[in-house]
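**Student:** Okay, handing you the structure first.
The values are calculated or read from the model by the stated rules, or taken from the named source; none is laboratory data. What you see is a predicted model; the values in this text were computed from it and never measured. Cβ coordinates were reconstructed from backbone atoms using ideal geometry, including for glycine residues, and neighbour counts include every protein chain displayed.
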Amino acid sequence: MSKDDLAKEGFLDPIISTASCQLLSQGAEARVWSGEFLGRPVILKQRFKKKYRHPVLDKHLNHSRLKQEVRSLLKARKLGIPTPVLYDVELEASTIYMERIAGCSVKELLKKGMSPADRHSLGRKIGQLLATMHDGSLVHGDLTTSNMLVRSDSQDLVMIDFGLSSISGLAEDKAVDLYVLERAFNSAHATSVDMYDAVLEAYKQHSRQWCPTLNKLADVRMRGRKRVMVG
Amino acid sequence: MTQALCLGIEGSANKIGVGIVREDGEILANPRHTYITPPGQGFLPRETAVHHQEHVVSLVQQALKEAKVAPKNISCIAYTKGPGMGGPLVAGAIAARMLAQLWKVPIIAVNHCVGHIEMGRIVTGARDPVVLYVSGGNTQVIAYSEQRYRIFGETIDLAVGNCLDKFARVLNLSNDPSPGYNIEQLAKEGSQFIELPYVVKGMDVSFSGLLSFIEEKTKELLASKTATPADMCFSLQETIFAMLVEVTERAMAHCNTRDVLIVGGVGCNMRLQEMMQQMVEDRGGELYAIDERYCIDNGAMIAWPGLLAFKQGQFTPLEEATCTQRFRTDDVLVTWRD
Ligand SMILES: Nc1ncnc2c1ncn2[C@@H]1O[C@H](COP(=O)(O)OP(=O)(O)O)[C@@H](O)[C@H]1O
Ligand SMILES: [Mg+2]
């Protein structure tokens, strides 16, 4: 993308020009680039203007999500949840710089094919990590298998993409968080739902508040089933 | 060889429709009748069922006449099994069972949501899009994989159309032709953007908090004359449609798909189509949208998937030709796609 194009979208080019980077993904709200900074592999995540959104709403969302992502990346580290190291934030360019994790997303791993035993142990890892996160009142907001990476060297699980996260101690919010993940498994990985069972099993063992949260999860599920669907 | 014809009956909500569709996808007739309630009032199951019973026979006659076919040319009858309102659904199912026995043809139960999707695909020619299904009772982001329409995102409380209908009642807007249509028209005159709660969780959305907020806020702002009803409609549409476009885009990124199909009654809203178009263009894809003839509940959308199943040799035994108010999109085994 050229400087002119960026300017047209109302953006300054980040200090490391995206021209020298490789576009990894264009998600619903951000472009993610891979580049180098001081000889280190970095990720640039730039939130861009959405033409379809009212400018007031767009600015508000981009700004608050960028701030929330930064806050929660730091909060997660404090809780002992592995996340990419944050290098820098450029508000004017709506860009976050962070450590590039060498590895694969859980989604990619599943697509490549995993043995039932590997699925089970990775599912348990995910469940334990979510328990710690939720016990620390951090709710992710977009739990999918593309937002969990596995380091290729240590096999550590790393959480990313905290733009929709929030701080909440409410069982309801944590339950919806799990429900989003459950639905991701049911839709995108219909053949690997056994992995989600392992997630819940480990969550139950490790979360101090597993009881209210899993009870609420049952409620949230029922709401989906009971809803009248007319029209 | 003559082509198979299917007659479909839809009556899951406040519309009763009868459609006749030919094997090549040609829609020969598709008349419908809408039960319209006074402003400020929603439709109730019992009255709606009576409305459907009163109109279904004449609609069948009208459809046969428009299609210029005789009952002996009809190969099968399709009807809406669910989801929807109990009474109105039963009214449609009884008519379908009666015709199947009278004309001695097989009967096929159809899922209403799958009807919307297949109708959208045949009318627009979309091959494998992410589907946004938005109506009075449903809000779902759907993609096809391995013989099922899988739900990637949905509302965790109210449906978008339901939210619009309830807000129309706050402003006492007319239900003719629909509350959503009247909000859309009024919104065109709005200019002031009032910030409203915006709730997206992954690929799911939530509207209930937004609805209670705007109900209160509207009373307050209208009383103090700081905003007009048009401003409120404008702000509501801008906010909820942005949420819908965002979750659709998230599903596209997740499934690696470029095209979008919008179906369901709210899908004929031009502002929603325009916003979706902008998003899809930026991703180099194509938006497939349909107008009110096919977006809004109708008989052809039931006849067409009925015919697809019929060609696969799938029928519903008469004693199993019942209705169910809750019937999820992903419960249906889609045998006609690979
Ligand atoms: N720190 C990182 N290291 C390696 N890959 C990353 C990193 N951050 C993001 N990615 C890759 O980019 C994709 C999109 O990033 P993400 O933060 O999830 O943005 P979005 O909000 O668009 O989903 C991820 O699914 C992952 O494949
Ligand atoms: Mg992501």
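**Student:** Within segment A:112-132, does at least one residue satisfy the condition of being within 16 Å of ligand 1 (Cβ to nearest atom) and more than 15 Å from the chain's Cα centre (by Cα)?
**Tutor:** Within segment A:112-132, one or more residues are within 16 Å of ligand 1 (Cβ to nearest atom) and more than 15 Å from the chain's Cα centre (by Cα).
**Student:** Against the definition (of a type in the set (A, V, I, L, M), within 16 Å of ligand 1 (Cβ to nearest atom) and in contact with a strand residue (DSSP E or B) (Cβ under 7 Å, 6 or more places away or on another chain)), how does A:LEU181 come out, yes or no?
**Tutor:** Taking the combined requirement at face value, the residue does not satisfy it.
**Student:** Another question, if that's okay. With respect to B:ALA143, determine if the residue is at the interface with chain A (Cβ under 10 Å from one of its Cβ atoms), surrounded by fewer than 24 Cβ atoms within 10 Å (Cβ to Cβ) and not in a loop (DSSP other than H, G, I, E, B).
**Tutor:** Yes.
**Student:** Has segment B:263-270 got any residue that is at pLDDT below 95, facing another protein chain (nearest Cβ under 9 Å) and surrounded by fewer than 23 Cβ atoms within 10 Å (Cβ to Cβ)?
**Tutor:** No, the conditions are met nowhere in segment B:263-270.
**Student:** Out of the residues in segment A:133-172 meeting the condition of being more than 25 Å from A:ALA28 (Cα to Cα) and either within 16 Å of ligand 1 (Cβ to nearest atom) or not assigned by TED's automatic domain parsing to the domain that holds A:LYS204 (or both), tell me which one is nearest to the chain's Cα centre (by Cα).
**Tutor:** A:ASP156
**Student:** Considering only segment B:42-50, I want to know if a residue exists there that is under 17 Å from B:MET301 (Cβ atoms), without any contact (Cβ under 8 Å) to a residue 24 or more places away in the chain and in a loop (DSSP other than H, G, I, E, B).
**Tutor:** Scanning segment B:42-50 turns up no residue that is under 17 Å from B:MET301 (Cβ atoms), without any contact (Cβ under 8 Å) to a residue 24 or more places away in the chain and in a loop (DSSP other than H, G, I, E, B).
**Student:** Please pick out the residue among B:VAL123, B:VAL131, B:VAL110 that is in a strand (DSSP E or B), touching a residue at least 24 places away in the same chain (Cβ under 8 Å), touching a helix residue (DSSP H, G or I) at 6+ places or on another chain (Cβ under 9 Å) and away from every other protein chain (no Cβ under 13 Å).
**Tutor:** B:VAL110
**Student:** Within the group B:LEU171, B:LEU164, which residue is within 22 Å of the chain's Cα centre (by Cα) and among the aliphatic types (A, V, I, L, M)?
**Tutor:** Residue meeting the stated conditions: B:LEU164.
**Student:** Can you find, within segment A:120-178, the residue that is farthest from A:GLY103 (Cα to Cα) among those that are within 16 Å of ligand 2 (Cβ to nearest atom) and among the acidic types (Asp, Glu)?
**Tutor:** A:ASP177
**Student:** I would also like to ask the following. Is there any pair linking a residue in segment A:66-77 that is part of a helix (DSSP H, G or I) to one that is buried (at least 19 other Cβ atoms within 10 Å of the Cβ) and basic (Lys, Arg), with Cβ under 7 Å and at least six apart or on different chains, and which?
**Tutor:** That search, which allows pairs on different chains as well, returns A:LEU66/A:ARG47.
**Student:** Among what's in segment A:31-64 and is surrounded by 16 or more Cβ atoms within 10 Å (Cβ to Cβ) and within 10 Å of chain B (Cβ to nearest Cβ), pick the residue that is farthest from ligand 2 (Cβ to nearest atom).
**Tutor:** Among those that are surrounded by 16 or more Cβ atoms within 10 Å (Cβ to Cβ) and within 10 Å of chain B (Cβ to nearest Cβ), it is A:HIS54.
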